[in-house]
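The values are calculated or read from the model by the stated rules, or taken from the named source; none is laboratory data. The structure displayed is predicted, hence computed values, not measured ones. Quick reminder, even Gly has a Cβ in these numbers, built from the backbone with ideal geometry, and neighbours come from all protein chains shown. The accessibility values were calculated without ligands, DNA or RNA, using every heavy atom of the protein model including side chains. Shrake-Rupley method; radii C 1.70, N 1.55, O 1.52, S 1.80 Å.
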Amino acid sequence: MDGDGEELTAQETALYDRQIRVWGADAQRRLSKAHVLVYGMKGTIAEFCKNIVLAGVGSLTLIDDRIASEEAFSSNFLIPLDENVYGGKTLAQLCCDSLKDFNPMVRVSVQKGDLSSFDVEFFNNFDVVVVSSCSLPAKKLANEKCRKISKRVAFYTVDCRDSCGEIFVDLQDYKYSKKKLEETIECHLRYPSFEEALSVPWRELPRKTSKLYFAMRVIEKFEEAEGRSAGEVSVADLPGVLKLKKELCTEQSLNESHVPDTLLERLVTSTLEFPPVCAIIGGILGQEVIKAISGKGDPLKNFFFFDAFDGKGIIENISNSNA
């Protein structure tokens, strides 16, 4: 994402004319040369993929070996409703077929494999890595591998449960520019890794930190302790989740009121994504990835939360440094 590369073709300039008027030819050129990897084809990711394909990203690689089911297309509009079409195919294959129709100038492909099985060299093929539908250890490991690459790889995790959503961003050592009045200002941000962010003691966080941050961590820890896949919880697990919440709050010296039982109950009772929330979270994620690729505009640091119950989007900077 250093901006090197060929100029836009006449065809690209014509197709992306409106976007170029908004963010400039240089930003569009960077976008058209960027390679994005996505793992986990849920509804939120489908919305994100649609947005960056329409925006004109260079290439998009999809990974999700799960076989499509009726449950999958409840929130993923990329999957055809006809069982004769989706029967037996993986989520990545179906989404790939649909995305190619959105913008034939974008190279969309499928890669098979589990996220944890890919080595550092594999991640070196991409400028942006977005992961969803995977365990806490898998997220940490993927982020760690991205950080071992000599070039900067933008890393994101996204999770949507019921009517709540979360985005995590790691842009490592990130420099960008933004306009203030008539001048362009150069800015610099240092991001913690996913593991570093989660290691910040809860008692050191501001009192107004989003309750969703703590609730998501409790659910992740529960899934990890029980050996569950991401989202593999139900209302039957609520007693165990509440017990773990109590233990974590005691361990972290945090008042239990910061993690409401009612919020945890919502997150374990309905693990399916709520399509309108998918559109919101996927839209925000698309904007953030375009910012990271183009190097223009203030990126969020480093968590974003949305809850449809109050309609609020909250950015939280959770790190040991205020850089």
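Figures for the structure shown
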| item | result |
| --- | --- |
| Pairs beyond 32 Å (Cα-Cα), from LYS100/LYS221; LYS112/LYS211; LYS42/LYS291; LYS50/LYS178 | LYS100/LYS221; LYS112/LYS211 |
| Simple label model, 7 Å out from Cα along Cβ direction - CYS187 to LYS312, nm | 2.2 nm |
| Rounded to 5, percent antiparallel among DSSP beta bridges of the chain | 60 percent |
| Bins of 5 Å, starting at 0 and running to the largest distance - Cα pair percent for the stretch 100-255 | 1, 7, 14, 16, 17, 16, 12, 8, 5, 2, 1, 0 |
| Cα gyration tensor category, rounded, prolate or oblate, for the stretch 44-141 with a/c compared to 1.5 | oblate |
| Solvent accessible area, Å² - THR209, 1.4 Å probe, full protein context | 10 Å² |
| DSSP bridge orientation in the stretch 1-150 - percent antiparallel, rounded to nearest 5 | 5 percent |
| Solvent exposure of the stretch 197-269 as accessible area per residue, Å², 1.4 Å probe | 51 Å² |
| Alpha-carbon spread of the stretch 240-323, three principal axes, descending order, Å | 45, 35, 19 |
| Separation in nanometres of the label points that stand 7 Å from Cα toward Cβ, at ILE67 and SER117 | 1.7 nm |
| Accessible carbon and sulfur surface of the stretch 91-185 relative to its total accessible area, %, 1.4 Å | 46 percent |
| Under the span-like rule (Cα at least 15 Å along the axis, Kyte-Doolittle mean at least -0.5), DSSP H helices of the chain | 43-55, 91-102, 211-226, 238-251, 275-294 |
| Sites SER74 and GLU224 - FRET efficiency at Förster radius 22 Å, r taken between beta-carbons, to 0.05 | 0.30 |
| Net charge contributed by nearby residues that have their C-beta within less than 15 Å of ALA308 (K/R +1, D/E -1) | -3 |
| Whole-number percent relative contact order across the stretch 253-323, with pairs defined as alpha carbons under 8 Å at least 6 apart | 17 percent |
| Value at 222 nm in deg cm²/dmol, rounded to 500, when DSSP H runs of n ≥ 4 in the chain each add -39,500 (n - 2.57) | -12500 deg cm²/dmol |
| Carbon plus sulfur fraction of accessible area for the stretch 197-269, probe 1.4 Å, in percent | 50 percent |
| Taking the chain and dividing mean pair separation by its residue count, relative contact order in percent (alpha carbons under 8 Å, at least six apart) | 20 percent |
| Rough spin-label spacing in nm, given labels placed 7 Å along Cα→Cβ, for GLN11 and ASN255 | 6.1 nm |
| Cα gyration tensor shape of the stretch 197-269, rounded if a/c is under 1.5, else prolate or oblate by comparing a/b with b/c | prolate |
| Paired Rg and Dmax values of the chain, which use every Cα atom, in angstrom | 19.6, 61 |
